[in-house]
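K.L.:
Once you've had a glance at the structure underneath, I'll fire off some questions.
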Amino acid sequence: MKVAFVTLGCRVNQYETEAMAEKFIKEGYQVVTHSNAADVYVINTCTVTNMGDRKSRQMISKVKKLNGEAIIAVVGCYSQVASNKISKIDGVDVILGTKNKGQIVYFVNRAMNEKKQIIAVKDVFTDKAFEELNIEEYQDKTRAFLKIQDGCNRFCSYCLIPYARGGVCSKEPEKVLEEVKKLADHGFKEIILSGIHTASYGVDIKGNYNLVSLLEEIDKIQGINRVRIGSIDPTFFTEGVIERISSLKKLCPHFHLSLQSGCDETLERMNRKYTSEEYKNIVRDLRNSIKDVSITTDVIAGFPGETDEEFNITYNFLKKIKLSKMHIFKYSPREGTKAAEMKNQVDGNTKEKRSKALIELNNGLEREFNSRFIGTKAEVLYEDVFKEDNNLYEGYTPNYIKVVSRSNKNLCSKIENTKLLEIEDEYLTGEIIN
Ligand code: SF4
């Protein structure tokens, strides 16, 4: 039997797809790519934008055409919030939401045997337990994603995720540490702690255990060289937190702090929980305490009601604080959110113009940040060959600068002391120091 996966959306979905694939392999399935004919297709959906919904629906029809007899299972955020709609799409046999992914094989077998559609979507607001969905057989031995938390309590006005994933639930610290040890034994050098709202890790655990407590314990585990945190809410970095994390040896000095807007009025409409001044102070404190720290961000262009003046405030704010990389997104209304109902939606041309201006600003700032490191040395963790040239390898410095170096020996999964030489488009060239 063959199973194929389609994964839309974020890192958490990618992690969960890998874990589901393992469950099928254990039952004797062969995993094939989704452009091939398979007996079972699992579509792991995303609902972060209307586009995510549309793509999810398109993928269902696409795989249906590849094998009309196949079992199609739709799981994830979109099926959590729109199970009714999905159940009416021709050919869908199994619908799970964001919970129950660990039982995917069981539900697929049931649909096969009972020859009827199965809907097993749990209520994410009553079922608050963290679903253990571990990956045991890792293919790649360089970086491992480790999901430590699910859900979000923030309710930003443009986001549907809290409705799809429910409130915060954390993986028990003992289980996280066990997994980190296992990954170290398997030879992984770097671990990326990920979740839907990682900064909230621990709010559902008794006592004062939080993400910093977890990082401090991971720091002591032998074998792992680097720990990264995926995207993190800026408000996590209080003075006390910065002081504690600045003494950690393995935590990489790279933080992705989603800003979304540099204008306080826009931030308020977004229901973000900080002001631009607070964000600026967090960036300042991180830079003062952590050497060569890289701070990257996400920005939304054309949020409802964003006037030219508000946009200019955001633009000038970003120009001033000079982050090392910015991901720019044009606002796209998400049905079912407050922002989608707001008056003064920004027209497409204006969004395009603003997004272009921010992308240009980013290109200059990214180059400026990377240039600072020309002529310095850094420990680079090489991950793969670059552009299929077997003598060129790409990897990342602890502060997430991409480096490409030439070498006759295989550098994959190795940490090498590297001299940073020249700037290319979005990376630096390097030379291995013997
Ligand atoms: S913090 Fe805001 S944007 Fe992020 S998942 Fe929660 S509600 Fe969505």
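To keep it simple, each residue is scored yes or no on (1) of a type outside the set (Val, Ile, Thr); (2) closer than 27 Å to VAL168 by Cβ.
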position: ILE72; (1), (2): no, no
position: ALA82; (1), (2): yes, yes
position: LYS88; (1), (2): yes, no
position: ILE95; (1), (2): no, yes
position: LYS101; (1), (2): yes, yes
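K.L.:
Go through (1) closer than 30 Å to SER231 by Cα; (2) modelled with pLDDT under 90 for GLN149 and report which single condition fails.
P.N.:
The number of the failed condition is (2).
K.L.:
Here's a check for you: in the range 154-197, which residue that is in a helix (DSSP H, G or I) and of a type in the set (Asp, Glu) is nearest to the ligand (Cβ to nearest atom)?
P.N.:
GLU179
K.L.:
Evaluate the following for LEU251: is it farther than 30 Å from PHE188 by Cβ and hydrophobic (A, V, I, L, M, F, W, C)?
P.N.:
When the stated conditions are applied, LEU251 does not pass them.
K.L.:
Right, another one. Kindly provide the set of residues from the range 226-276 that are touching a helix residue (DSSP H, G or I) at 6+ places or on another chain (Cβ under 8 Å), assigned to a helix (DSSP H, G or I) and away from the ligand (no atom under 16 Å from the Cβ), ordered by number.
P.N.:
The answer is GLU239, VAL241, ILE242, GLU243, ARG244, ILE245, ASP264, GLU265, SER276.
K.L.:
Which pairs turn up if I take residues in the range 147-158 that are within 16 Å of LYS171 (Cα to Cα) and look for partners that are of a type in the set (Val, Ile, Thr) and within 6 Å of the ligand (Cβ to nearest atom) with beta carbon separation below 7 Å, at least 6 apart in sequence or on another chain?
P.N.:
From residues that are within 16 Å of LYS171 (Cα to Cα), the pairs are GLN149/ILE196; ASP150/ILE196; GLY151/ILE196; CYS152/ILE161; CYS152/ILE196.
K.L.:
Next question, about the same structure. Looking at (1) surrounded by 19 or more Cβ atoms within 10 Å (Cβ to Cβ); (2) within 27 Å of GLU335 (Cα to Cα); (3) small (Gly, Ala, Ser), find the lone condition where SER355 falls short.
P.N.:
The single condition SER355 does not satisfy is (1).
K.L.:
Tell me whether the range 206-225 contains one or more residues that are in contact with a helix residue (DSSP H, G or I) (Cβ under 9 Å, 6 or more places away or on another chain), within 13 Å of the ligand (Cβ to nearest atom) and within 30 Å of TYR163 (Cβ to Cβ).
P.N.:
So far as the range 206-225 goes, no, none of its residues is in contact with a helix residue (DSSP H, G or I) (Cβ under 9 Å, 6 or more places away or on another chain), within 13 Å of the ligand (Cβ to nearest atom) and within 30 Å of TYR163 (Cβ to Cβ).
K.L.:
As an exercise: evaluate PHE311 against (1) touching a Lys or Arg at 6+ places or on another chain (Cβ under 8 Å); (2) outside any helix (DSSP H, G or I) and give the number of the one condition it does not meet.
P.N.:
It is condition (2) that PHE311 fails.
K.L.:
Within the range 411-418, does at least one residue satisfy the condition of being part of a strand (DSSP E or B) and in contact with a Leu (Cβ under 7 Å, 6 or more places away or on another chain)?
P.N.:
Yes, the range 411-418 contains at least one residue that is part of a strand (DSSP E or B) and in contact with a Leu (Cβ under 7 Å, 6 or more places away or on another chain).
The values are calculated or read from the model by the stated rules, or taken from the named source; none is laboratory data. In this text the structure is predicted, and so the values were computed from the model without any measurement. No Cβ is skipped: glycine too gets one built from the backbone with ideal geometry, and neighbour counts run over all protein chains shown.
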